[in-house]
Amino acid sequence: MIDFFIPLEDWINIGFEKVTYYLSPFLRAASNFLEIIIGGFEDLLLWPPEIVIMIVVALLVWILASYRLAIFAFVGLLLTFGLDIWEPTMATVALALSGTAVSLLVGVPLGIFASQSNVVERILRPILDFMQTLPSFVYLIPAVMFFGMGKVSALVAIMIFAMPPAVRLTTLGIREVSGEMVEAARAFGSGRWQTLKDVQLPLAIPTIMAGVNQCIMMALAMTVIASMIGGGGLGNVVLRSMQTLNIGMGAVGGLGIVILAILLDRLTETISKKVKKD
Amino acid sequence: MSIIKVENLYKVFGKEPNRAIEMVNEGHKKDEIMAKTGTTIGINNVSFEVEAGESFVVMGLSGSGKSTLIRCLNRLIEPTLGSISIHDKDITKMDKNELSELRKESVSMVFQNFAIFPHYTVLENASYGLKVMGVAKEEREQKALESLEAVGLKGWENYYPSKLSGGMQQRVGLARALATDPDILLMDEAFSALDPLIRKDMQTELLELQDKLQKTIIFITHDLDEALRLGDRIALMKDGEIVQIGTPEEIMMSPATEYVEKFVEDVDRSRVLTAEMIMKKSSTVIHYPKDGPRVALHRMKENDISSIFAVDKQNRLIGIVMAEDALTAIESNETSLDSIIQKDIPTALPDTPLKEMFALMTGKNVPLAVVDEDSKFKGIVVRGTVMAKLAEGGNAND
Ligand SMILES: Nc1ncnc2c1ncn2[C@@H]1O[C@H](COP(=O)(O)OP(=O)(O)O)[C@@H](O)[C@H]1O
Ligand SMILES: [Mg+2]
């Protein structure tokens, strides 16, 4: 027998320890920031009486989309209340929305950056491709390593998972604005930034909105998986049902997720369509 | 004074532009250079000057480098070699800020496919240049309104461009370009996307506007009729080179190369129009030998003309008398037209085509007499009519 052993595990552990040690001030700051975001969303959704949230959400949906979807939203939320999953549902919404917010916060500027520089795009593209081919579980690992178990690391995992479409579609949207439009702005003396602000970004909004839609849906899907590292919410309900072989509980949790998925998808889709028409 | 001066301008698309320029100077052809170096010669050693207030038309087939040339003039495309002076400043040496100033203050552009911003209203579109200049909202809207009015779009300010027809959209494009009150207008096939009738209207309006505003206009077209109509001078481009520059008459009369000739032949449609169809029938004449210089001068004054045709009793054309000559004859107390009548003048037959009439008239400042086979006087054709008809394309049913 040959004696062959690669101590990769040790190397990585040691390396990782070093990295986290040096990064710790940054990680702590990031963690605080993310905690504020997720905490803010949760407070916003859980602090008022349930009926207030239901009405406000229905009204918002009405204004932004249609009265039909507003009815669906109201009935759907009422159902989650009746199924006694109000709290985990709101926790999931908070997690998915803060995940989306952070994804967009990072992804859209990155997408803009990539639209302005071929070099940046050429570097980003394979990374994004790679990220999208990885199974979603893999995102849990670095999140936990840097931020431990809990909502913050769930948020980080969601952010990484949901970001690629935001980056990609922002870049695409800006780049597909016709050359003549850009030329027209430049011919009147607009610089790069002003051209971007006046012409490229406004014309890219329908495409960027499609990115937002995808981003939300991926964030929602990831909340379920992120419950494994302490994300809580409906994912946790499903996870517990599997651990205890409680099929009924699993179905209830699943139903909550489906309601949210339909609501968020239709909502962003309708908004995208409205934006496109204007 | 020339406002734009382009000297030995080259533009090469692709890597190794210097090698391509070397090759082109050694006389290699565009295709050959493309095959050997993979570069495209966009502009090949172009020089010309444009006077302030002039309408300078650049004409050529698709791919001849017209768009590239006009974009070098505001550096939307970076020239590879050579110099371009605008107001005596070499714009190829300008830095970003100077260039931006140039585009804001002096040079604006109208595009082939309008390039109107769909997310802005007509008013916002027209005021875009002023917005970039940092003009306050109220002032820029005021100016934009004026320029919209000038192009006939009053009342459309708050519409979005998608509600407008192509012709109207291009008016917005024109208003946007005029709003900053630039000295120079660059118009890249500005009317090519419009249908023929609208196109002609736009040409007319541009001519009217130009009458008032006296901008320097660089107008690109691949259409000779349009070039003849709009151009004070025309430059013909082929494979990135200017093969001829001249007034519309010069280009028509003496095409410098076969290429130009081909272009000019396109106007052979003007054969359709004949002298009979465009002549003035009811023109005043004098009678020879009955009338003398005093009658001749009197008739000319009466009709506000500077020359008059003389016919005999049978209405046969005898010659032409010029006002100056009549005046001299009167001063020296002559009573007959014999000493001043010019008998050797070109004439056209009723079925002489437009283009030949044009040739007959070149270099002469008198109208053309139309006579039939028996020398009977039929009418006159004035120079302006010939030019106008040529520019319109010379179709009989116009
Ligand atoms: N960005 C570019 N890259 C490479 N070649 C170009 C580019 N722009 C124009 N060309 C080439 O330069 C030549 C002149 O093009 P262009 O100026 O658009 O002609 P025109 O406006 O007269 O139709 C053509 O052969 C065209 O293919
Ligand atoms: Mg062109």
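Considering region B:51-94 alone, what residues qualify as being surrounded by fewer than 18 Cβ atoms within 10 Å (Cβ to Cβ) and within 12 Å of ligand 1 (Cβ to nearest atom)?
Scanning region B:51-94 gives B:Leu61, B:Ser62, B:Gly63, B:Glu78.
Please enumerate the residues belonging to region B:197-218 that are more than 14 Å from every other protein chain (Cβ to nearest Cβ), outside any helix (DSSP H, G or I) and either touching a strand residue (DSSP E or B) at 6+ places or on another chain (Cβ under 8 Å) or within 16 Å of ligand 1 (Cβ to nearest atom) (or both).
Correct list: B:Lys215, B:Thr216, B:Ile217.
Report yes if B:Ile70 is in the same structural domain as B:Asp232 (by TED's automatic domain parsing) and not in a loop (DSSP other than H, G, I, E, B), otherwise no.
The answer is yes for B:Ile70.
Just to be sure, is B:Lys96 in contact (Cβ under 8 Å) with a residue 60 or more places away in the chain, away from ligand 2 (no atom under 16 Å from the Cβ), closer than 25 Å to B:Ile184 by Cβ and within 14 Å of chain A (Cβ to nearest Cβ)?
Numbers: in contact (Cβ under 8 Å) with a residue 60 or more places away in the chain: no; away from ligand 2 (no atom under 16 Å from the Cβ): yes; closer than 25 Å to B:Ile184 by Cβ: yes; within 14 Å of chain A (Cβ to nearest Cβ): yes.
No.
Residue under question is B:Asp181, and the condition is that it be surrounded by fewer than 18 Cβ atoms within 10 Å (Cβ to Cβ) and away from ligand 1 (no atom under 16 Å from the Cβ); does it hold?
yes
One line per residue, one yes/no per condition, for (1) aliphatic (A, V, I, L, M); (2) in contact with a Pro (Cβ under 8 Å, 6 or more places away or on another chain); (3) within 29 Å of B:Lys11 (Cα to Cα):
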position: B:Thr92; (1), (2), (3): no, yes, yes
position: B:Ser108; (1), (2), (3): no, yes, yes
position: B:Leu123; (1), (2), (3): yes, no, no
position: B:Tyr128; (1), (2), (3): no, no, no
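Which condition does B:Lys262 not pass, out of (1) surrounded by 14 or more Cβ atoms within 10 Å (Cβ to Cβ); (2) in the same structural domain as B:Ser67 (by TED's automatic domain parsing); (3) within 27 Å of B:Lys11 (Cβ to Cβ), if it passes all the others?
(1)
Just need a number here: residues in region A:154-204 that are in contact (Cβ under 8 Å) with a residue 24 or more places away in the chain, within 14 Å of chain B (Cβ to nearest Cβ) and either within 25 Å of B:Leu73 (Cβ to Cβ) or of a type in the set (Phe, Trp, Tyr) (or both).
So the answer is 4.
Got at least one residue in region B:39-62 being in a loop (DSSP other than H, G, I, E, B), away from chain A (no Cβ under 14 Å) and within 16 Å of ligand 2 (Cβ to nearest atom)?
Yes: one or more hits.
If you go through region B:102-123 one residue at a time, how many are more than 7 Å from chain A (Cβ to nearest Cβ) and part of a helix (DSSP H, G or I)?
Looking only at that region, the number is 4.
Tally the residues that are of a type in the set (Ser, Thr, Tyr) and within 16 Å of ligand 2 (Cβ to nearest atom), restricting the search to region B:150-178.
Residues in region B:150-178 being of a type in the set (Ser, Thr, Tyr) and within 16 Å of ligand 2 (Cβ to nearest atom): 0 in total.
Sort out which residues of region B:306-344 are surrounded by 16 or more Cβ atoms within 10 Å (Cβ to Cβ) and assigned to a loop (DSSP other than H, G, I, E, B), and write them in order of number.
B:Glu334, B:Leu337, B:Ile340, B:Ile341
Considering only region A:141-218, give the helices (runs of 4 or more DSSP H) lying wholly within it that have at least 2 residues that are closer than 30 Å to A:Pro25 by Cβ.
Filter on region A:141-218 gives A:151-175.
Sort out which residues of region B:179-196 are away from ligand 2 (no atom under 16 Å from the Cβ), more than 15 Å from the chain's Cα centre (by Cα) and within 12 Å of chain A (Cβ to nearest Cβ), and write them in order of number.
B:Ala179, B:Thr180, B:Pro182, B:Ile184, listed by residue number.
The values are calculated or read from the model by the stated rules, or taken from the named source; none is laboratory data. Predicted model only: the values in this text are computed from it and were never measured. Cβ sites come from the backbone with ideal geometry, for glycine too, and all protein chains shown count toward neighbours.
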